[in-house]
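Any read-out appearing in this document is the output of simple, stated calculations on the displayed coordinates, not a laboratory observation. From a predicted model like this one, the values you see are computed outputs, not experimental measurements. Positions of Cβ are backbone-derived with ideal geometry, glycine not excepted, and every protein chain shown enters the neighbour counts.
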Amino acid sequence: MNKYVEAVLEQTKRKNSEQVEFIQAVTEVFESIAPVVERHKKYQDHAILERIVEPERGIIFRVPWQDDKGRFQVNRGFRIQFNSALGPYKGGLRFHPSVNLSIIKFLGFEQIFKNSLTTLPMGGGKGGSDFDPKGKSDNEVMRFCQSFVTELYRHVGADTDVPAGDIGVGGREVGFMFGQYKRIVNESTGVLTGKGLKWGGSLIRSEATGYGAVYFAQEMLTKRGDSMKGKVCAVSGSGNVAQYTVEKINQLGGKVVTLSDSNGTIYDAAGITEEKLAFIMDLKNVRRARIKEYADKYGAQYKEGERPWSVKCDCAFPSATQNEISGEDAKVLVKNGCRLVAEGANMPTDPDGVEVFLKNKVLFGPGKAANAGGVATSGLEMSQNSMRLAWTRAEVDQRLSLIMKSIHENAYAASAEYGDAGNYVLGANIAGFVKVADSMIDQGLV
Ligand code: NDP
Ligand code: 2IT
């Protein structure tokens, strides 16, 4: 690796030694961009790497709230405003007990390059809390969200920082947060995306991440004269991203045989049809229950405590969480015939797994490219909010599909330029980085 890249990576590891996921994300990007930095001395001259790993601003705050029994509870809130070179900070909020500074920084760092790839003017940020929405009543979730925004509101704004959903944050939570923001600031603006369709949300935003991941897979296949038709697919997770991944795979003639949650995996060899998907959407979005019920209802196989990666499939769409595919999992997938992986989740494949896929010439769409459809459509929601009008479903879907096409093209072109055509990890990192780094140089030492 280039000496400058190596030195900044070592320094980043030293300064953030406990932030394992953050270091993992930085290492991957730095390995990809080393040849760019080698070729163009300006990045070293402008200390771009030292600056890009340091968030512009980070806010950590107390979130006190009261549960239904009247007891006082306290969680920790985060918002990392990582990079504004391309536009207002933009990125989701995650509510999950595993949330800590390392998780939010890894997600915020990835978001910088992902947002750059979307072609839209958005900087990178991420936030969240170690609050666990599971088992909480709607009223408890509302009180938590209101308390969270009572601090967050002073740091965000339609032209400053625009949060959205992620794990544990969907339409319900965005609604409660938007309501509280409006109440405090007395302004109705597009301060959050993923809003309800009746109050400023965009058509297709709910669908966008899952649809986008499948559009990206389709692009990788089309380039090789192939298509999604007849492909047997393993999908993990059963939340927002997983659900709309299944819907789009079905629409394009593929078949999905797995879904999962943190308790286990269901395997349905007959395929998760539209009707079965409707059951899952009610199970997960309304009743907020466990995926095991699917197996009970449809007589499918349930594998307690397991992830989907041991099944025979042509394509895998990891759509749950980080590091859910290990090197061993990747080997099993390859052995069972898997030829394509599109990451709906953020960093779901660990570094050993990525190496296995790349070595075996699996078509591998890394999260920052493959799942960029969600934030891209958030960007389209921001545009509609600024214009105070709403585009049709067909218009937004067409823009999303074009954006995924251009992300694929740009990542492919960058991979070819740097001598490894079709390595989308390399291509996405390079294409995402160059735009941000050049913009930072243009804007002076900040
Ligand atoms: P949801 O909260 O809607 O669903 C998350 C799903 O993943 C659930 O099935 C959940 O199971 C499972 N899951 C979460 N954490 C774990 C874990 N530690 N181990 C096993 N399973 C887990 O979130 P989303 O669908 O929105 O997000 C899924 C992934 O996609 C995340 O990586 C997110 O960062 C990424 N992403 C999301 C975007 C969006 O627009 N929403 C955009 C781009 C990426 P359980 O219910 O048991 O917790
Ligand atoms: O990881 C992601 O890109 C998201 N959770 C979506 C962020 C957004 O602002 O829509």
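Here the alpha carbons of segment 363-411 define both size measures, Rg and Dmax, at 11.9, 40 Å.
Can you compute the label reach from SER383? Point 7 Å from Cα along the Cβ direction, backbone N cut-off under 16 Å, restricted to segment 95-115. Those under the cut-off are 115. Size of the chain from its Cα atoms: along the principal axes, largest to smallest, the extents are 61, 54, 43 Å.
Label sites at ASN360 and ASP438, each approximated as a point 7 angstrom past Cα along Cα to Cβ, lie 3.7 nm apart. Using only the C-alpha atoms, the convex hull of segment 202-241 corresponds to 81 Å³ per residue.
So how many Å³ per residue does the convex hull of the Cα atoms of segment 144-206 work out to?
Numbers: hull volume 5.0 nm³, N = 63.
Here the figure is 80 Å³ per residue.
Segment 100-140 gives an Rg/Rh value of 1.17, both radii derived from C-alpha positions and Rh following Kirkwood.
Given a Förster radius of 22 Å and the C-beta distance between THR273 and ARG393 as r, what FRET efficiency does 1/(1 + (r/R0)^6) yield to the nearest 0.05? Could the numbers behind the result be given before it?
Numbers: r = 22 Å, r/R0 = 1.02.
Calculated transfer efficiency: 0.50.
Note on segment 84-169: percent of Cα-Cα distances in each 5 Å bin, starting at 0 and stopping at the bin with the largest distance, equals 3, 14, 23, 24, 17, 11, 5, 2. When the alpha-carbon atoms of segment 335-381 are used, the pair Rg, Dmax equals 12.5, 42 angstrom.
Alpha carbon centre of segment 343-390 versus segment 176-204: separation in Å? Each part's Cα centre sits 24 Å from the other's.
Overall, the ratio between the Cα radius of gyration of segment 4-43 and 2.2 N^0.38 Å, rounded to two decimals, is 1.19.
In terms of its Cα atoms, segment 103-215 spans 37, 32, 31 Å along the principal axes, sorted from long to short.
Ellipsoid semi-axes for segment 1-85, based on the Cα gyration tensor and the rule √(5λ), read 37, 13, 9 Å when sorted largest first.
What do you get for trypsin sites (Lys or Arg not before Pro) in segment 65-141 restricted to DSSP loop and a cutoff of at most 14 other Cβ within 10 Å of the site's Cβ? Could you put the intermediate results ahead of the total?
Working: sites: LYS69, ARG71, ARG76, ARG79, LYS90, ARG94, LYS105, LYS114, LYS126, LYS134, LYS136; in loops: LYS69, ARG71, LYS134, LYS136.
Qualifying residues, ordered by number: LYS69, ARG71, LYS134.
For segment 173-272, dividing the convex hull volume of the Cα atoms by the residue count gives 117 Å³ per residue. Along its principal axes, segment 257-389 has C-alpha extents of 50, 40, 22 angstrom, given from the largest down. Once each part is reduced to its C-alpha centroid, what is the distance from segment 112-175 to segment 13-51 in angstrom? Comparing the Cα centres of segment 112-175 and segment 13-51, I get a distance of 27 Å. Where only DSSP H runs of four or more residues are counted, the chain gives -15500 deg cm²/dmol as its mean residue ellipticity at 222 nm, each run worth -39500 (n - 2.57).
Which residues make up the longest stretch of the chain that has no GluC sites (Glu not before Pro) in a DSSP loop with at most 10 other Cβ atoms within 10 Å? All intermediate terms of the calculation are to be shown ahead of the outcome.
Values: sites that count: GLU18, GLU187.
Between exposed loop sites, the widest span is 188-446.
Under the combined filter of DSSP loop state and at most 10 neighbouring Cβ atoms within 10 Å, segment 329-419 retains these trypsin sites (Lys or Arg not before Pro): ARG388.
Placing +1 on each Lys and Arg Cβ and -1 on each Asp and Glu Cβ, with no other charges, gives segment 34-130 a dipole about its Cα centre of roughly 120 debye.
Between PHE61 and TRP199, what's the calculated FRET efficiency when r is the beta-carbon distance and R0 is 22 Å? Round to 0.05. Walk me through the numbers before you get to the answer.
Working: r = 26 Å, r/R0 = 1.19.
It comes out at approximately 0.25.
Kirkwood radius and radius of gyration were both taken over the C-alpha atoms of segment 245-326, and their ratio Rg/Rh is 0.92.
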